[in-house]
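Here is the structure we will look at.
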Amino acid sequence: MKHTLDIVPLKSWIDTGDKPLIIAGPCSAETEEQVVSTAHLLANTGKVNVLRAGIWKPRTRPGEFEGIGSVGLQWLKRAKEETGLLTATEVATAKHVEEALAAGVDVLWIGARSTANPFTVQEIADALVGVDIPVLIKNPVNPDLSLWIGALERVNRAGIKKLAAIHRGFSSFEKTAFRNEPMWDLAIQLKSACPELPIINDPSHICGNRELIPYIAQKAMDMDLQGLIIESHIDPSVAWTDAKQQVTPASLAELLDNLSVRHPES
Ligand code: PEP
Ligand code: MN
């Protein structure tokens, strides 16, 4: 079934030329130094369009690092001023939206655990009424295409036209090589249900380890997905969250150099 989303093309809000949109940065903002120095290294690669960093972290179990909180928004601001990179962070409540907007964050994303909850998505959507900002919506943790589309519709109905989906894989009971099963069929089904909607692949959260990222990123490019969001940390071995799947800015640059990307017109 086709779904009508009232959206504008990706290239009208971020011009990446012939290249896919690349969003990169640490899983979590940890310290000002870590955010700013990672941002400089990423900007220096000349291959990154948007700096990502989680300020509020949705942890499955309590008692772990739950994000640095609002102070990190100022670090993103400084990173942007010094590097010119646009910034992106995850929002899960109306208060997150208000604070991120007040701090000048350029792109917001909704995390996989939030997408699974229509009340949460609606709260975020309501906080976005009258706001013109790109919003990226990760697939829900469970393989439910309707929940994913429903979240996109809720945010779109709030007036957000700069909209994209993030394919970050789906949790499964079976233990496999992936942290979250890619279940590419769901991305394909989303593409056919909403042909105008850009889809960005998140190989970091699909793989859960650095080693498989190039393979998944290439597969996303072969499927003509519009971009990649990849976690990158100045020193992944000491990252406070998702240490196994983060890559240094230098390895990110190498990974992107080795990707074969079809020209959109070819
Ligand atoms: C993240 O991007 O760091 C994150 C928490 O992702 P997800 O919502 O996909 O688990
Ligand atoms: Mn992460």
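The values are calculated or read from the model by the stated rules, or taken from the named source; none is laboratory data. Given the structure is predicted, the values throughout are model-derived calculations rather than measurements. Note: ideal-geometry Cβ built from the backbone for every residue, glycine included; neighbour counts use all protein chains shown. Accessible surface areas use protein heavy atoms only, side chains included; no ligands, DNA or RNA. Shrake-Rupley method; radii C 1.70, N 1.55, O 1.52, S 1.80 Å.
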(request) State yes or no: is Ala127 hydrophobic (A, V, I, L, M, F, W, C), at negative phi, open to solvent by less than 40 Å² (accessible area, probe 1.4 Å) and in contact with a strand residue (DSSP E or B) (Cβ under 6 Å, 6 or more places away or on another chain)? (result) no
(request) Hey, can you tell me all the residues within the range 142-158 that are free of Cβ contacts under 8 Å to residues at least 40 places away in the same chain, under 22 Å from Ala88 (Cα atoms) and open to solvent by 40 Å² or more (accessible area, probe 1.4 Å)? (result) Arg154, Arg157
(request) Give me a count of the residues in the range 212-258 that are of a type in the set (A, V, I, L, M, F, W, C) and in contact (Cβ under 8 Å) with a residue 60 or more places away in the chain. (result) 12
(request) Of all residues in the range 214-252, count the ones that are under 18 Å from the mean Cα position of the chain (by Cα), closer than 19 Å to His40 by Cα and away from ligand 2 (no atom under 16 Å from the Cβ). (result) 1
(request) Please specify each residue of the range 212-244 satisfying the condition of being loosely packed, with under 15 Cβ neighbours inside 10 Å and not in a loop (DSSP other than H, G, I, E, B). (result) Tyr215, Asp222, Ser237, Val238, Lys244
(request) Go through (1) in contact (Cβ under 8 Å) with a residue 60 or more places away in the chain; (2) open to solvent by less than 50 Å² (accessible area, probe 1.4 Å); (3) farther than 26 Å from Trp13 by Cβ one by one and return the number of the condition Asn209 breaks. (result) (1)
(message) Quick test of your reading of the structure: Arg52 fulfils all but one of (1) away from ligand 1 (no atom under 14 Å from the Cβ); (2) in contact with a strand residue (DSSP E or B) (Cβ under 6 Å, 6 or more places away or on another chain); (3) of a type outside the set (Val, Ile, Thr). Name the failing condition by number.
(response) (1)
(message) Please verify whether Ala100 is modelled with pLDDT of 95 or more, within 16 Å of ligand 2 (Cβ to nearest atom) and either part of a helix (DSSP H, G or I) or not acidic (Asp, Glu) (or both), treating the condition exactly as stated.
(response) no
(message) Quick check on Leu163: is it in contact with a Leu (Cβ under 9 Å, 6 or more places away or on another chain), farther than 20 Å from Gly227 by Cβ, open to solvent by less than 40 Å² (accessible area, probe 1.4 Å) and not basic (Lys, Arg)?
(response) no
(request) With the checklist (1) in contact (Cβ under 8 Å) with a residue 60 or more places away in the chain; (2) of a type outside the set (Phe, Trp, Tyr); (3) open to solvent by 40 Å² or more (accessible area, probe 1.4 Å); (4) away from ligand 1 (no atom under 16 Å from the Cβ) in hand, flag the one item Glu174 doesn't pass. (result) (1)
(request) Please give the number of the condition Pro58 fails out of (1) modelled with pLDDT under 95; (2) more than 20 Å from Leu128 (Cβ to Cβ); (3) within 16 Å of ligand 1 (Cβ to nearest atom). (result) (2)
(message) Tell me whether the range 201-208 contains one or more residues that are out of contact with any Phe, Trp or Tyr (no Cβ under 6 Å at 6 or more places or on another chain), away from ligand 2 (no atom under 16 Å from the Cβ) and at pLDDT 95 or above.
(response) no
